[in-house]
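The structure under discussion appears below in the form of structure tokens.
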Amino acid sequence: MALKLSVIGTGYLGATHAAAMASLGFHVVGIDVDPAKIATLSRGEIPFYEPGLETLLQEQVKSGRLTFSSNFDDAKDADVHFLCVGTPQIKDGLAADLTYVNASLEAVAAIAKDGALIVGKSTVPVGTAARLRARLLEINPQADLAWNPEFLREGFAVEDTLHPNRLVVGVANDRAENILKEVYAANLAENTPWVRADLPTSELVKVAANSFLATKISFINAMAEICEAAGGDVTILAKAIGYDPRIGNRFLQAGIGFGGGCLPKDIRAFMARAEELGASQALEFLREIDSINIRARQRVIELVRKDLSEDLRGKRVAVLGAAFKPDSDDVRDSPALDIAVQIQGAGAIVTVHDPKAMEPASKRFPVLNFAQSVEECVKEADIVLHLTEWKMYREIDPVSLKKLVSGAIMIDGRNALDREKWLAAGWKFRALGRA
Ligand code: UGA
């Protein structure tokens with residue numbers, strides 16, 4: 001008999017994991033405390049944009065293998081419970097907020113059957129899994145807990161969940177590992193690397209990976225600052241160092257830096273945890289990674305001031321892109337929106353366009369103006385900022401766009417547009433890290 005699974009927390013990670021596991025033939029129940037979310041998912045709809053996920057979800061709901069509920073009792077038959085709840089940054093500090101993780105552990109511990117395995121997938125400060133396991137054994141001595149961090153990227157969530165580049169399992173014994181091998185049998189059959197670790201190492205793998213990615217981005221953005229000062233071109237520099245396979249060319253795209261619900265909060269929570277552990281010096285560099293990242297946003301605003309005037313009051317600024325990255329409607333800690341809001345705060349009239357993230361962006365920042373099309377967004381603008389590198393923006397014809405604006409100045413905050421094309425069309429073209 002195939003294992004029965006439950007997925008606790010049906011946000012980004014949980015909804016994708018639940019649909020992916022159902023597509024592998026498991027019976028899956030997704031549990032969430034938010035009844036509105038449960039109703040949406042039960043209809044086969046997803047409350048956010050993620051390519052390919054809605055189709056997969058609809059197929060699985062239709063098959064009967066995937067159901068959703070806001071009642072934990074509906075998960076009591078599950079052999080394996082995946083904890084996929086969020087761990088946002090606390091409001092008054094750098095640490096992660098573990099409220100949802102703690103609450104869901106208590107709830108699942110109360111209903112888990114004998115022999116059930118609870119598997120944490122949320123990103124947590126090291127030491128959390130061992131603490132939760134001890135608590136679980138107190139409430140329910142016949143259950144067990146493992147940790148299995150998730151490395152999916154938004155925009156590629158389905159592909160990354162069905163075909164991860166590695167599986168990391170933090171376990172306290174062979175039995176837990178064997179259950180997870182049964183869950184991930186399809187991946188093992190395609191030779192996905194399998195790393196068994198202890199609980200703390202498995203938690204650390206996740207934050208170490210995200211810290212490394214953040215470091216790569218801030219490294220190239222630091223090089224962009226130097227290129228600007230020295231008259232160099234960071235895009236050529238990145239290409240040239242990237243040919244060294246030890247460095248690699250991915251995640252070396254200089255621009256306005258990283259945002260989203262993961263990288264910024266994960267490096268901060270990692271620093272906070274290191275401090276608690278008395279090892280803060282080891283992660284001192286992450287403070288600099290964070291500062292370089294925030295500085296990239298300021299550098300765009302400085303360019304706008306240089307090109308328009310110190311006093312931005314009344315200037316019309318068009319912003320292309322609101323999501324923290326393309327192929328997502330996620331606006332959490334979006335560099336694009338942060339820049340837009342700061343410029344608006346300085347007195348400019350800012351109009352934003354995004355192909356998918358208009359609704360979440362306008363909910364979060366109702367002070368901004370939003371336009372339904374690129375043309376409407378740039379109409380009579382004094383300057384245009386390209387801040388999220390959607391494919392549709394790369395396809396813009398600079399010649400026709402020039403006819404709509406008041407000032408033909410483009411600042412490419414993502415180093416993704418074809419500079420020569422824009423220059424040839426008569427635009428003043430600026431980009432971070434390119435003199
Ligand atoms: C990140 C990790 O890449 C995933 O492996 C991880 O599972 C996930 O966090 C998580 O912890 O859940 P994600 O937040 O979807 O995934 O976004 P990324 O693709 O990593 O991009 C993060 C930010 O960096 C974006 O704002 C992007 O625009 C920026 N970025 C990325 C750059 O500025 N330059 C680059 O070269 C690459």
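So what is the relative contact order of the chain, in percent, for Cα pairs below 8 Å that sit 6 or more residues apart?
Numbers: 891 pairs, mean separation 52.0, N = 435.
Averaging sequence separation for qualifying contacts and normalising by length gives 12 percent for the chain.
At most 16 other C-beta atoms within 10 Å and a DSSP loop state: those are the exposed GluC sites (Glu not before Pro) I care about. Give me the longest piece of the chain that has none.
Between the exposed loop sites, the longest stretch runs 46-189.
Share of carbon and sulfur in the accessible area of segment 4-197 stands at 52%, probe radius 1.4 Å.
Segment 179-237 and segment 33-89 have their alpha-carbon centroids 28 Å apart. How are the Cα pair distances of segment 25-146 distributed, in percent, across 10 Å bins from 0? Spelled out per bin, shortest first, that is 13, 38, 34, 15, 0. In sequence order, segment 83-90 has phi-based couplings of 8, 10, 7, x, 10, x, 6, 5 Hz under the Karplus curve 6.51 cos²θ - 1.76 cosθ + 1.60, θ = phi - 60°, and Gly or Pro positions carry x.
In the structure displayed, which of Lys76/Lys121; Lys91/Lys216; Lys325/Lys403; Lys306/Lys379 lie more than 24 Å apart, Cα to Cα?
Working: Lys76/Lys121 19 Å; Lys91/Lys216 27 Å; Lys325/Lys403 28 Å; Lys306/Lys379 21 Å.
Violating the 24 Å limit, Cα to Cα: Lys91/Lys216; Lys325/Lys403.
Take every Cα pair under 8 Å whose residues are at least 6 apart in sequence, average their separation, divide by the length of segment 231-435, and the relative contact order is 22 percent. Annotation: amide H-H contacts under 5 Å for Val168 (H modelled 1.01 Å from N, sequence separation of 5 or more, or interchain): Val195.
Can you list residues whose amide H is under 5 Å from Val7's amide H, if they're 5+ apart or on another chain and H is modeled 1.01 Å from N? The list, which skips near neighbours in sequence, is Val29, Gly30, Ile31, Phe82. Each Lys or Arg adds one and each Asp or Glu subtracts one; over the other residues with Cβ under 10 Å from the Cβ of Val350, this totals +2. Close amide H pairs (under 5 Å, H built 1.01 Å from N) link Arg434 with Val234, residues at least 5 positions away or on another chain. 3J(HN,Hα) along segment 45-61, derived from phi through the Karplus expression 6.51 cos²θ - 1.76 cosθ + 1.60 where θ = phi - 60°, amounts to 10, 10, x, 8, 9, 8, x, x, 6, 5, 4, 4, 4, 4, 4, 6, 5 Hz, with x in place of Gly and Pro. Calculated accessible area for the chain comes out at 43 Å² per residue, all protein chains present (probe 1.4 Å; ligands, DNA, RNA ignored).
Under the rule that an exposed site lies in a DSSP loop and has at most 13 other Cβ atoms within 10 Å, name the longest stretch of the chain with no trypsin sites (Lys or Arg not before Pro) of that kind, not counting the sites themselves.
Numbers: sites that count: Arg43, Lys91, Arg166, Arg246, Arg250, Arg313, Lys403.
Longest run free of exposed loop sites: 314-402.
Note that segment 419-435 has calculated 3J(HN,Hα) couplings of 4, 4, 4, 6, 5, 4, 7, x, 8, 7, 10, 10, 8, 5, x, 10, 4 Hz, one per residue in order, obtained from phi through the Karplus relation 6.51 cos²θ - 1.76 cosθ + 1.60 (θ = phi - 60°); glycine and proline are x. By the equivalent-ellipsoid construction on the alpha carbon gyration tensor, segment 361-419 comes out with semi-axes of 19, 15, 11 Å, ordered largest to smallest. Distance between the pseudo-spin-label points of Lys306 and Ser63 (7 Å out from Cα toward the beta carbon): 5.4 nm.
Checking the a/c ratio against 1.5 first, then a/b against b/c, what shape does the Cα gyration tensor give for the chain?
On the way: a/c = 2.18, a/b = 1.77, b/c = 1.23.
Since a/c reaches 1.5 and a/b is larger than b/c, the shape of the chain is classed as prolate.
The values are calculated or read from the model by the stated rules, or taken from the named source; none is laboratory data. Computed from a predicted structure; not experimentally measured. So basically every Cβ, Gly included, is an ideal-geometry build from the backbone, and we count neighbours across all protein chains shown. SASA here: full protein model, heavy atoms, side chains in, ligands and nucleic acids out. Shrake-Rupley method; radii C 1.70, N 1.55, O 1.52, S 1.80 Å.
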